[in-house]
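The values are calculated or read from the model by the stated rules, or taken from the named source; none is laboratory data. These numbers were taken from a predicted model, which means no experiment stands behind them. Please note: Cβ atoms are built from the backbone with ideal geometry, for glycine as well, and neighbour counts cover all protein chains shown. Side chains are part of the model used for accessible areas, which takes the heavy atoms of the whole protein and leaves out ligands, DNA and RNA. Shrake-Rupley method; radii C 1.70, N 1.55, O 1.52, S 1.80 Å.
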Amino acid sequence: MKVLLTGAAGSIGQVVTLGLIDRGHEIVGLDRLPAPDGFEGAWHTADCADPDAVLDAFAAQPLDAVVHLAGHPDEAGLTDSLTSHVVTTAALLDAMLAHQVDRIVYASSNHAVGRTPRRDLVSDDALPRPDTFYGVGKVAAEALLHLYADRYGIDAVACRIGSFLPEPTTVRNLSTWLSHDDGVRMVEAALTATAPGFAVLYGISANTRAWWDLAPGRALGYEPQDDAEHWADRIAGRPEDDAEAAHVGGPFALEQFYRPALDRR
Ligand code: 15L
């Protein structure tokens, strides 16, 4: 498939770009930053929050699908979070309609349900329960994807990613880890699943201590191969581990992240 991949210069973007190219896909990169050294495909240096720049990128070549990974990966004020996650998604969805592109894979986050108390496995029928304004942005972006799926028949898979890291480094990561290889498997499954409509999957590896249900992902063809448990003996406990295990969003659900929604002069 020929895929427009936003955030292609970022930490997830670079890994997913290489992984999809290895699997025979063609990547058109889009990022506010220039292409990383060694990237040889088409590249658009642009901000996804700018609808005209996004339309220009779509007009430059035909596309089969979009993988939307761009966005500030951390907590911020509400206005910035809405721009980073919702406005960017809106610009892409409108450009998709204008250019008859009908598949988008979205990098949502576990923080869309992060304030869910840690008890049972959380599945795709969990109510939105963000732990931060970052999480609110992800919930709202998912809602927009759902609206476009219902109105226009777009296929939109929201991947609620756990902790995308080379290896797990904390006790929480033993539950939340998404390995680089599984991250590529997840995106490819979401790109190629037959007629998913709007769907949610949890982007974690096949962790023995998983906090989220892998069944929705498996139904779309995502078969994770790695397990954070392999690192368990090497991970030292920290005083904050218990607090981080109270809610599935871990540290983002703690009081240290409380802040006013709007920045004031
Ligand atoms: C995320 O969605 C964030 O982008 C990342 O910074 C981590 O906080 C990760 O979730 C996580 O929960 O470990």
field: Relative contact order (%) - criterion: Cα under 8 Å, at least six apart; region: the stretch 81-181
entry: 32 percent
task: Could you work out the local net charge near G41, counting Lys and Arg as +1, Asp and Glu as -1, over the other residues with Cβ closer than 11 Å to its Cβ?
output: -1
- line: In deg cm²/dmol, rounded to the nearest 500, the helical mean residue ellipticity at 222 nm of the chain, built from -39500 (n - 2.57) for every DSSP H run of length 4 or more, is -9000 deg cm²/dmol
query: With every protein chain kept in the model, how would you rank T208, T132 by accessible area, 1.4 Å probe, largest at the top?
result: T208, T132
message: I need the peptides 211-224, 161-174, 251-264, 81-94 ranked by packing, meaning the mean over residues of other C-beta atoms within 10 angstrom, with the highest value on top.
response: 81-94, 161-174, 211-224, 251-264
query: Which residues' amide hydrogens lie under 5 Å from the amide hydrogen of S109, considering only partners 5 or more residues apart or on another chain, with H built in the peptide plane?
result: I161
message: Name the residue from H146, A9, H99 whose Cα lies farthest towards the positive end of the charge dipole of the stretch 2-257, charges +1 on Cβ of Lys and Arg and -1 on Cβ of Asp and Glu.
response: H146
- request: Would you work out which of V248, L201, S123 lies farthest towards the positive end of the dipole of the stretch 2-257? Charges go on Cβ: Lys and Arg +1, Asp and Glu -1.
  value: S123
- request: Starting from the Cα-Cα distance between D50 and A236, subtract it from 0.36 nm times their residue separation and give me the gain in nm to one decimal.
  value: 62.6 nm
Charge dipole (the chain, unit charges on Cβ, about Cα centre) - positive-most of F133, H25, A189: F133
query: Under the Kirkwood approximation for Rh and a Cα-based Rg, what ratio Rg/Rh is obtained for the stretch 2-257?
result: 0.95
- prompt: Normalised by the residues of the stretch 2-257, what does the relative contact order come to in percent, with Cα pairs under 8 Å and at least six apart?
  reply: 18 percent
- prompt: Hey, what's the stretch 207-254 come to in accessible area per residue, 1.4 Å probe, Å²?
  reply: 51 Å²
- prompt: If you plug each phi of the stretch 41-49 into the Karplus form 6.51 cos²θ - 1.76 cosθ + 1.60 with θ = phi - 60°, what whole-Hz ³J(HN,Hα) values come out, in order, with x for Gly and Pro?
  reply: x, 6, 9, 10, 8, 7, 9, 5, 7
Residues with amide H under 5 Å from that of G114, placed H, sequence gap 5 or more: R129, D131
field: Dipole magnitude of the chain about its Cα centre (Cβ charges: Lys, Arg +1; Asp, Glu -1), debye to nearest 20
entry: 540 debye
- request: For S179, list long-range residues whose amide hydrogen, built 1.01 Å from N in the peptide plane, is under 5 Å from its own amide hydrogen.
  value: S205
field: Charge tally in the Cβ shell below 12 Å around D124, where Lys, Arg are +1 and Asp, Glu are -1, D124 excluded
entry: -1
- prompt: For the stretch 143-170 and the stretch 69-85, what is the separation of their Cα centres, given in Å?
  reply: 15 Å
